[in-house]
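I have placed the structure first, in the form of structure tokens, so that the comments after it can refer back to it.
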Amino acid sequence: MKSLFEKFDVLEDPRDIRGKKHKLIDILVMTIYGLLYGLKDYTNIADFMKLKEEYFTNLLGLQNGTPSHDCLSDLFASIDANKFVEIFIEWTKKIIKNKTGKVISIDGKAVKNATDKINNGNIPYIVSAYLGDVGLSIGQIKVDDKSNEITAIPELLDIIEIKGATITIDAIGTQEKIVNKIVEKREHYVLKAKDNQKELKKDIKKYFDKQYNLYGNNEIQYCKSVEKEHGRNEIREYFLSYNVSEIKDKEKWKTVKAIAYVKVTMMQGNEVTITNNYYIIDYQIPIDRLAYVIRDHWNIECGLHWRLDVIMNEDHSRNRVGNSINNLSLLRKIVFNLTSLDKSFGEKVPLQRKLTRYMLDDRNIENLIFNVIPSLS
């Protein structure tokens, strides 16, 4: 047990010592079990713990049964969310140590059913960082009710740190403050320029439009990919240049060292759709690496957010008191990481199938906690 939770064992317990019946580490373990079983709120998790009271008593040496719904709700509402995230990040750093040159995708996600009707009907919004090629969530921050994603992203960048990594964010992250923060932290960026930065997008488009020939141009690197799936053909053409002279606001975009144009042609039946995308980059990057980085960004949507919603029911979570939404979201990411790291069923067993096997046999969860994860730590 200690080998897995040594990082989380230092999390400060906010409860009054008087009347405290359950160790914090035991509650974390039992809650992780509940999430592995697919439960989405404290009421059902507490009921699950009660049904398995004998099992948890033998496993953890409980002295006072299992915690109630109120105990879980009060505890996770009061745990310091910032400290919890800090410990989570330290844990993931230990697992992914020595992995450099990675792509970190950053994106926000609403937890729709946790709308707080008392506080103007705000929907909680979590900004997450994800290592797509490793398949791990590496950090998150909840957007303050009076703030927005643009403000939250620099805060997230301050708490995650993998030097030399390339940061990708959707167009909302293409902001002067954010690009400067990334470079200051000795990381790199590949960011899309859209209508939220109209002048920047126009400057990049102007450069590529002025070229007499995009193909075979000594100033422009080029590569192409073709994907065929379910009667649909997608052609992606990548054009990269280190000539940034067309960018007018040199002071604002002083860190930009390269620009890129990506033409996506989608063909399905007789229908052809063309989409043009423009990017800024802060370092010299081979064209094939650029293509990989741009495609990798969408892993956070299908590899993390979709799985949290569809498989782990995050969108149906209604817990919203105090720090609950942040802490429970982080616990789901811990569970997501645990299952992603579990190769005991085989290299390519999908998340849903792993969760089914955990539910069918507690020995699979015990193997995950006591054997698989300690071997990685």
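Read the figures in this text as sums done on the coordinates, not as results from a lab. Just so it is clear, the structure is predicted and the values come from calculations on it, not from any experiment. Positions of Cβ are backbone-derived with ideal geometry, glycine not excepted, and every protein chain shown enters the neighbour counts.
What the table below lists for this structure:
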item	result
Cα-Cα over 23 Å, subset of K52/K348; K163/K343; K194/K263; K177/K257; K93/K343; K21/K94	K52/K348; K163/K343; K21/K94
Cα principal axis extents for region 195-234, largest first, Å	38, 31, 13
Burial order of peptide ranges 286-293, 219-226 (average beta-carbon count within 10 Å, highest first)	286-293, 219-226
Descending semi-axes in Å of region 191-288, equivalent ellipsoid built from Cα gyration tensor	26, 15, 12
J(HN,Hα) series, region 192-197, from Karplus relation 6.51 cos²θ - 1.76 cosθ + 1.60, nearest Hz, glycine and proline x	7, 9, 10, 6, 6, 10
Spatially proximal aspartates and glutamates relative to K254 (Cα-Cα < 16 Å; intrachain offsets below 8 disregarded)	E176, E184, E187, E199, D203, E246, D282
Order by protection proxy (mean Cβ within 10 Å, highest first), peptides 177-188, 127-138	127-138, 177-188
Protection proxy ranking of 207-218, 251-262, 349-360 - average other beta-carbon atoms within 10 Å, highest first	251-262, 349-360, 207-218
